[in-house]
1. Could you tell me whether Ile384 is surrounded by 24 or more Cβ atoms within 10 Å (Cβ to Cβ) and within 23 Å of Arg79 (Cα to Cα)?
2. Would you confirm whether any residue within segment 461-470 is free of Cβ contacts under 8 Å to residues at least 24 places away in the same chain, touching an Asp or Glu at 6+ places or on another chain (Cβ under 9 Å) and among the β-branched types (Val, Ile, Thr)?
3. Asp348 versus (1) crowded, with 18+ Cβ neighbours inside 10 Å; (2) out of contact with any Asp or Glu (no Cβ under 9 Å at 6 or more places or on another chain); (3) touching a residue at least 60 places away in the same chain (Cβ under 8 Å); (4) not hydrophobic (A, V, I, L, M, F, W, C): which is the lone unmet condition?
4. Look through segment 281-295, keep the residues that are within 16 Å of Phe310 (Cβ to Cβ) and not small (Gly, Ala, Ser), and return whichever of them is surrounded by the fewest Cβ atoms within 10 Å (Cβ to Cβ).
5. Would you be able to say whether some residue in segment 395-415 is more than 30 Å from Met511 (Cα to Cα), assigned to a loop (DSSP other than H, G, I, E, B) and open to solvent by less than 30 Å² (accessible area, probe 1.4 Å)?
6. Can you tell me which residue within segment 155-169, out of those that are touching a His at 6+ places or on another chain (Cβ under 9 Å) and part of a loop (DSSP other than H, G, I, E, B), is surrounded by the fewest Cβ atoms within 10 Å (Cβ to Cβ)?
7. Considering segment 416-456 alone, what residues qualify as being within 18 Å of Thr480 (Cβ to Cβ) and either more than 30 Å from the chain's Cα centre (by Cα) or part of a strand (DSSP E or B) (or both)?
8. Starting from residues that are in contact with a helix residue (DSSP H, G or I) (Cβ under 8 Å, 6 or more places away or on another chain) and under 19 Å from Met95 (Cβ atoms), keep the ones in segment 141-154 and report whichever is surrounded by the most Cβ atoms within 10 Å (Cβ to Cβ).
Amino acid sequence: MKLHAVHRVLLWAILVACLPQGLCSKSQDMDGAKERRMHPKLKHMEPSKRTSQRPGEDTQEFWQNESKDFIRQQQRHQRNIKVAKNIILFLGDGMGLATQVAARSYIQAEHTKLSFEDFPYTGLSKTYCVDDIVPDSATTATAYLCGVKANTETIGVNAQIGVRDCEAMKNTDNHVFSIAKWAMDAGKSAGLVTTTRVTHASPAGVYAHTAFREWETNADIEGWCGKDHGLDDIALQLIHGEVGSRLKLMMGGGKSTFMDSKIYSEGWRSDGRNLIDEYIKKSAGNAYVETLEELEKLDLTKAERLMGIFHDSNMDYYLDTLALEKNTQPTLEQMTRKAIEFMQQQKDDKGYFLFIEGGEIDLAHHDTKARLALEETKQFSQAIALARAMTSEEDTLIVVTADHSHTFSVAGYQDRGSDIFSLVDSDIDDMPYSPLSYANGNSTYLYYNEEKRQRVDPSLILKNEANDLFPATVPIEYETHGGEDVGVFASGPWAHLFTGVYEQNAIPHMMAYAACIGDGLKACDTLSGANV
C-alpha cells in the first residue's frame, strides 16, 4: 500500500510525538543493542581489568597538562628559512600510518613516539600514480625523487612511457632526473643507502631510467625486448650511467645483479660482465666493501667513493640476522652512521644529498610477517634518531616519509599496555582473533578451515616467532599495497613547507627549494627578492 504525502507527514508526527513519552523504547533498545555490538565490551574489557599506563591518566588534569605542554612546544617552533646545506631523505618503504601505530606499541607503548614523530612539522602526501590508484615502489620513487608522477612499475621516466615499452624507453626526452642529480649539478655530493638491493625500485629512483623496475640486469631486459634491445639495465646505469657514475656512496644488497653467472655462481647477468670489478678499476679512490668489518676498518679519508654491497640480494631482516651463526651485515643504523661520516668529510664541503631507505618494512608486509615489519620500522626509527644527532637542524633538512602503505590494520579492542601481538576474543564464535591482520595475502587458508567452514584458532598458528604469518582475508600470493595517504615528517631549514596535504611529487621540489638546487623555485630567489 502506498502512502500519500499527507499520510507520511501524519505518521512522522506520531513518531516524533511518541519519543518523549517513551512509547518507542523497543526501537531504542534495538538501536542500543546494535551500538553495543559495534563496540563490544568483551571479556578483556571488563572495567576491573583496566589500568592507567601512566600515573594520573585517570584525571582530567593529566590530559589538560598534556595539551598545554603540546601547545607550548608548538609555540617554541620558529621557522628556519636558512638555505639547507644538506638534505637527508629517509624512506620507510611500505610504512603506512597503521604500521607506525603498531610500531609504537611494539617498541614501547601507545603514547610514545617514533623518533621522527617528534619532528616539528608534519604533512600527508597523496601516493596515487598516473595509471593506478594504489602505486608501487617504482612509480612512487619517480614522484618523491624526480618530482613527476608516472606509470606503475616505471622509474625515472614520465607517463609518456608505459610499463615494459622497450621502444619508448629509448626516447630520452621522456627521462626525468632525481634530486640527487640536481644536488650534484650544484656541486654537492650524493649517495644512497638501503636494506634492499641497491638496484631495487626505490634506490633505483635516485639514478636510473627504465620502463620496468625488474630490468635490473641485461638478462632481465632481453627476456622482454630481445637480444639487440640497445637499453641499459639498472645495475649498469648505477656503475656507468650519467647519475650513477657520479654518486659518492652506494650501500645495500644486490651483488648478484652486478655479476655474470659464469663469473659468480649467484650472479644474475648473462653478458660476461663483472660490474663491481669495473667500478673498482675506474679509479684508485673507488673503495669497495662487503662486510661490516671491512666497512668499520675502512679509512674514509682515503676513499673518494664508497660502494658497500653486503648481500647477494636484499639484506637479511634484522631479526633473522640474530639467528645467523656469523652475521657480516651492517644494520641500517650502522650504514647511516658511515654514510653521514663519509659525506661530512668530503673535501669540497658544499653539502650533500642522502637517500636512506628502510626497504624491508615493505617486504615483510608483502609476506604478512607483521613482527618482522615492526622490527624493521624500529630499526628505521633508530637510524633517523642517529642522523638527527649527527647533524644540525640549522643547516640540514631531514625529511621522513613512506612511498605507500599496505593493507595492514590494527583493529579490535586490546587493553592499553598489552602486547601488540596478543589475541582477543570474538563475541560470535568464542575464538580469539589477532588485532593485527591484512586485507589480503598468502596466509588466508592458514586461518580458515574450509572443511569445517570456520576460522582456525590463531593461537595454534602464531608462535611468537620472527617469521609468524598473520591473518589475511582475501587469498592472494603476496599481500598488496594500500592506497591511503602517507605521513611526511620534516626538520631543519624550510621544514614548515612540508605541512598540509599535497601530491607526493611535490616532495623533491620542496627539498630543492630549501637547498637552492634544481630548475624550480628556490629559497635563494625568494630571500633575495627576485621575481619567482
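The values are calculated or read from the model by the stated rules, or taken from the named source; none is laboratory data. This structure is a prediction, so every number in the text was calculated from the model and none was measured. In this analysis, Cβ positions are derived from the backbone assuming ideal geometry, glycine residues included, and neighbour counts consider all displayed protein chains. To get the accessible areas, we keep the full protein, side chains included, count just its heavy atoms, and leave off ligands, DNA and RNA. Shrake-Rupley method; radii C 1.70, N 1.55, O 1.52, S 1.80 Å.
1. Working: surrounded by 24 or more Cβ atoms within 10 Å (Cβ to Cβ): yes; within 23 Å of Arg79 (Cα to Cα): yes.
Spelling it out, Ile384 is indeed surrounded by 24 or more Cβ atoms within 10 Å (Cβ to Cβ) and within 23 Å of Arg79 (Cα to Cα).
2. Our first condition is that a residue be free of Cβ contacts under 8 Å to residues at least 24 places away in the same chain; within segment 461-470, this holds for 461, 463.
Cutting the leftovers down to touching an Asp or Glu at 6+ places or on another chain (Cβ under 9 Å) gives us 461.
From what's left, among the β-branched types (Val, Ile, Thr): 461.
Checked segment 461-470: at least one residue is free of Cβ contacts under 8 Å to residues at least 24 places away in the same chain, touching an Asp or Glu at 6+ places or on another chain (Cβ under 9 Å) and among the β-branched types (Val, Ile, Thr).
3. Of everything listed in (1) crowded, with 18+ Cβ neighbours inside 10 Å; (2) out of contact with any Asp or Glu (no Cβ under 9 Å at 6 or more places or on another chain); (3) touching a residue at least 60 places away in the same chain (Cβ under 8 Å); (4) not hydrophobic (A, V, I, L, M, F, W, C), Asp348 misses just condition (1).
4. Start the filter on segment 281-295 by keeping residues that are within 16 Å of Phe310 (Cβ to Cβ), which leaves 287-295.
If we keep only those that are not small (Gly, Ala, Ser) too, we end up with 288-295.
Values: Tyr288: 17, Val289: 20, Glu290: 16, Thr291: 15, Leu292: 18, Glu293: 11, Glu294: 15, Leu295: 22.
Among them, the one singled out is Glu293.
5. Checked segment 395-415: no residue is more than 30 Å from Met511 (Cα to Cα), assigned to a loop (DSSP other than H, G, I, E, B) and open to solvent by less than 30 Å² (accessible area, probe 1.4 Å).
6. The initial filter retains those residues of segment 155-169 that are touching a His at 6+ places or on another chain (Cβ under 9 Å), namely 155-158, 161, 166, 169.
Okay, now just the ones that are also part of a loop (DSSP other than H, G, I, E, B), so 156, 158, 161.
Working: Gly156: 29, Asn158: 17, Ile161: 24.
Looking at the filtered set, the residue picked out is Asn158.
7. Residues satisfying the conditions are Leu436, Ser437, Tyr438, Ala439, Asn440, Gly441.
8. Residues of segment 141-154 in contact with a helix residue (DSSP H, G or I) (Cβ under 8 Å, 6 or more places away or on another chain): 141, 143-154.
Among the residues that remain, those that are also under 19 Å from Met95 (Cβ atoms) are: 141, 143-145.
Values: Ala141: 30, Ala143: 26, Tyr144: 28, Leu145: 32.
That would be Leu145.
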